[in-house]
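Colleague: Got a structure here, written out as structure tokens. Questions coming.
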Amino acid sequence: MFGLFALSKCVDRALFCGLSAFLFAVLLFPCVGLAQAQRGTVVADEAQVYKDPDFDAPVMTVLKQGQVLAISKGKKGPFYKVRLKPGVTGWVSDAEIHPGVITPEELQENADPDESNYTGKKPFFASRYRGLSLNFIDYAEDTMGGRRNAQTSFLGLNFHGYNTLFSGDIYTESNILFHSGAPSYYKEYTGHEGSGYIVIVNFLFQTVLPKGKDLIFFYGFGPMLKYSHFDLQLPGVVDGFSADDMTLGVLFNVGASYRIKKVSIRPDIKYYWEKESYFGYGVTLGLDF
């Protein structure tokens, strides 16, 4: 009987020691983790929390400006590791969260990126831009008995990003391109320059591949509409004539975009596929809005 009682006390003591060690570990390790961290404040309007330190990683959640979290003292590339809740961590770009506790008043006072160490800027891929573009297109038509093409310059109005012309979480690009005059092949075949204009309107759905806080690659496709009107004159004919054409097609593009403060520099290559197919290239200068 005494042996059983002694054995019971030993078992109880072992259970007590094991439970104490478990509770000690549970309580101690979070404290150790916090001791190796620091507090950080979200400075962007919205901060994406990635599952891994990679802009291509899945987004776990979105933080709001002014939120204060425990973040790592060191960075992995351009990312801080953040603790969302006990046992749950993610990664946030260093452009969107900064060490230290920053009050709402300080965030408001330092909203101008030219006057602050923390910008509060949205991630590049989550920003939207509008601006002007210069395009060079190997424009082609089936006219005068065959396929004619000529390098033709277009000026354009460009919108790209989320929530530009339409609301929604889809990255899009829209262009309105304009060329004044007739393509040069009309003069080559008729001896007269001709006059008129070409308008190309397109809308593309795009896939964005962030490669840094100020660099992205992209590709996309979408519908296009082309309308042209030319006033032409044939050799030996006194009276001229007009040529009008309107076609629907598909446009594909691929390119890169680099951000300098609030300006986006966006070169790309385009493939136009309508009655005739042809390539083009251009560059867009956009301003964040």
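The values are calculated or read from the model by the stated rules, or taken from the named source; none is laboratory data. Treat the numbers as computed from the prediction; the structure is a model and nothing was measured. For neighbour counting, all protein chains shown are included, and Cβ atoms are generated from backbone atoms with ideal geometry for every residue, glycine included. For the accessible areas, the whole protein counts, side chains as well, though only heavy atoms, and no ligand, DNA or RNA atoms are used. Shrake-Rupley method; radii C 1.70, N 1.55, O 1.52, S 1.80 Å.
Colleague: Within the stretch 45-73, work out how many residues are open to solvent by less than 70 Å² (accessible area, probe 1.4 Å) and in contact with a helix residue (DSSP H, G or I) (Cβ under 9 Å, 6 or more places away or on another chain).
Modeller: 4
Colleague: What number of residues within the stretch 168-199 satisfy the criterion of being of a type outside the set (D, E, K, R) and surrounded by fewer than 17 Cβ atoms within 10 Å (Cβ to Cβ)?
Modeller: Total satisfying the criteria: 13.
Colleague: Among the candidates K76, K85, K81, which residue alone is touching a Phe, Trp or Tyr at 6+ places or on another chain (Cβ under 8 Å), open to solvent by 60 Å² or more (accessible area, probe 1.4 Å), modelled with pLDDT of 80 or more and farther than 16 Å from P58 by Cα?
Modeller: One residue alone meets the criteria, K76.
Colleague: Further question on the same structure: If we keep just the residues of the stretch 212-241 that are among the charged types (D, E, K, R) and under 30 Å from E193 (Cα atoms), which is most open to solvent (accessible area, probe 1.4 Å)?
Modeller: Among those residues, the one meeting the criterion is D239.
Colleague: Related question: Of (1) in a strand (DSSP E or B); (2) free of Cβ contacts under 8 Å to residues at least 60 places away in the same chain, P235 satisfies all except one. Which?
Modeller: (1)
Colleague: How about the stretch 242-269: which of its residues are under 27 Å from G194 (Cα atoms), of a type outside the set (G, A, S) and in contact (Cβ under 8 Å) with a residue 60 or more places away in the chain?
Modeller: Listed by number, the list holds a single entry, D245.
Colleague: Do we find that I269 is open to solvent by 50 Å² or more (accessible area, probe 1.4 Å) and in contact with a strand residue (DSSP E or B) (Cβ under 8 Å, 6 or more places away or on another chain) in this structure?
Modeller: Here the answer is yes, as I269 does meet what is asked.
Colleague: Which of the residues that make up the stretch 272-289 are open to solvent by 80 Å² or more (accessible area, probe 1.4 Å) and not in a strand (DSSP E or B)?
Modeller: K275, the sole residue that qualifies.
Colleague: Continuing with this model, one more query. Which condition number in (1) charged (D, E, K, R); (2) within 23 Å of F55 (Cα to Cα); (3) touching a Lys or Arg at 6+ places or on another chain (Cβ under 9 Å) is the one that E274 fails?
Modeller: In the conditions (1) charged (D, E, K, R); (2) within 23 Å of F55 (Cα to Cα); (3) touching a Lys or Arg at 6+ places or on another chain (Cβ under 9 Å), E274 misses (2) alone.
Colleague: Looking at this structure, is L165 at pLDDT below 95, closer than 23 Å to I265 by Cβ and open to solvent by 60 Å² or more (accessible area, probe 1.4 Å)?
Modeller: yes
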